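Heads up: the structure comes next, in structure tokens.
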Amino acid sequence: MSQSEPVIEIRNLSKIYRDFWGRPKVRALNSLSLDVRKGEVFGLLGPNGSGKTTTLKLLLGLLFPTEGEITILGKSAADVSKNERIGYLPEESYLYRFLNAYETLDFYGRLFNMTAAQRKERSEKLLDLVKLAPQARRRQLKEYSKGMTRRIGVAQALINDPDLVMLDEPTSGLDPLGSRDMKDLILDLKKQGKTVLMCSHLLADVQDVCDRIAILYGGELKVMDRVDTLLKSEDKTQINTSKLSAAAISEVEAVLKRHGASDVSVDHPTATLEDLFLKTVQESRDRPGHRNVADRTSAT
């Protein structure tokens, strides 16, 4: 497939869930149309009940559309052979609790007819990739935390070296360090030329990794564009520079106001809470015993 060719094409897709007697009960999707391009990270967003998970299941062929067409990797969504090139992480990982990490990946590797040597090599590579601790790899999955379970779930989604990776809430259950690892992994998949479609309620994670997003509400597409385009505020101008003296700041403010600027404010930029958390953890590793705690008396 060429770089400009869509990996996923959805046209006028609708899905109606019916009751026991076949009467329409819930319209989960209503005339949804969108494309996901090769090599991009695409975010599918929306509140609960907006149709995100239904869309993923329709793409995988687990559900059938009421109306519309889906083409995925050049094939119909109903063609199950396409799933050999897809990796899927569901919102809840359904894994065998009495298997360990190696046995789990070996099991999924067998489903793709991989040889024993291929399964072993791929398993070691993926467990390193998702940063599952070596001492945990021989333990049964029933002993895993939710974060560890999420890591092995991602590894199984990548066992077949897929062209398209579909991730439903990939950072669910992960601490900030694990979330950062997951986002780095998604960006690495993009560098490898893979296409990633992800759903998440954590908008900061989506902003960090996605090229384009689509926002669904009530089963309808409300917004779709590049993240940087959607978040850019055209009615404001931002100027960044190195630290200035008070006199220089006053002079800059005077010049801006002379040119008609309103609501002029000068302040120091702030980092995100995630940046602060990761910085604190790294400094704690580098400098054991070091603390940076504000004087409690200064806040009273």
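What are the semi-axes of the equivalent ellipsoid of the range 1-110, taken as the square roots of 5 times the eigenvalues of the Cα gyration tensor, listed largest first and rounded to whole Å? Can you show the working numbers first?
Numbers: eigenvalues 137, 89, 36 Å².
Value: 26, 21, 13 Å, ordered largest first.
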| query | Which is farthest toward the positive dipole end of the chain among PHE98, LEU132, TRP21, measuring Cα position about the Cα centre, with Cβ charges +1 (Lys, Arg) and -1 (Asp, Glu)? | reply | PHE98
| note | Cα pairs beyond 13 Å in the range 60-100, in percent, come to 63
| Rounded to 5, the percent of DSSP beta bridges in the chain classed as antiparallel | 60
| Roughly what would the spin-label model give for GLU143 and ASN240, points 7 Å off Cα along C-beta, in nm? | 4.6
| task | First select every other residue whose beta carbon is under 10 angstrom from the beta carbon of TYR102; then total the charges, Lys and Arg +1, Asp and Glu -1. | result | +1
| Karplus 3J(HN,Hα) series, Hz, for the range 35-46 with 6.51 cos²θ - 1.76 cosθ + 1.60 (x for Gly, Pro) | 10, 10, 8, 5, x, 10, 9, 10, x, 10, 10, x
| task | Determine the dipole magnitude for the range 6-231: charges of +1 sit on the beta-carbon of Lys and Arg, -1 on that of Asp and Glu, nothing else is charged, the reference point is the Cα centre, and the result goes in debye to the nearest 20. | result | 480
| note | In the list (1) 51, 43, 38; (2) 70, 50, 42; (3) 53, 40, 35, the entry giving Cα extents along the principal axes in Å computed from the coordinates is (2)
| Gyration tensor verdict on the range 116-190 (Cα atoms; rounded if a/c is under 1.5, prolate if a/b is larger than b/c, oblate otherwise) | oblate
| query | Tell me, what ³J(HN,Hα) does each residue in the range 101-112 have, in order and in whole Hz, if you take phi through Karplus 6.51 cos²θ - 1.76 cosθ + 1.60 with θ = phi - 60° and put x for Gly and Pro? | reply | 4, 5, 5, 4, 5, 5, 4, 5, x, 5, 5, 9
| FRET E, pair LYS232, LYS191, Förster distance 25 Å, beta-carbon r, rounded to 0.05 | 0.50
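Net charge near LYS57: determine it from the other residues with C-beta under 15 Å of the C-beta of LYS57, scoring Lys and Arg +1 and Asp and Glu -1.
Around LYS57, the surrounding residues sum to -1.
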| request: Using the structure shown, list the pairs from LYS15/LYS52; LYS120/LYS183; LYS38/LYS190; LYS38/LYS75; LYS82/LYS191 with a Cα-Cα distance above 19 Å, or answer none. | output: LYS120/LYS183; LYS82/LYS191
| note | Distance in nm between TRP21 and VAL80 label points, each 7 Å along Cα→Cβ, equals 3.4
| message | At a threshold of 8 angstrom on Cα-Cα distance, excluding pairs fewer than six apart, so keeping six or more, what relative contact order does the chain reach in percent? | response | 21
| note | Net charge near ARG119 (other residues with Cβ under 9 Å of its Cβ; Lys, Arg +1; Asp, Glu -1) is +1
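Every number in this text was worked out from the coordinates using simple rules, so none of it is lab data. As the structure is a computational prediction, the values presented were derived from the model and not from experiment. Positions of Cβ are backbone-derived with ideal geometry, glycine not excepted, and every protein chain shown enters the neighbour counts.
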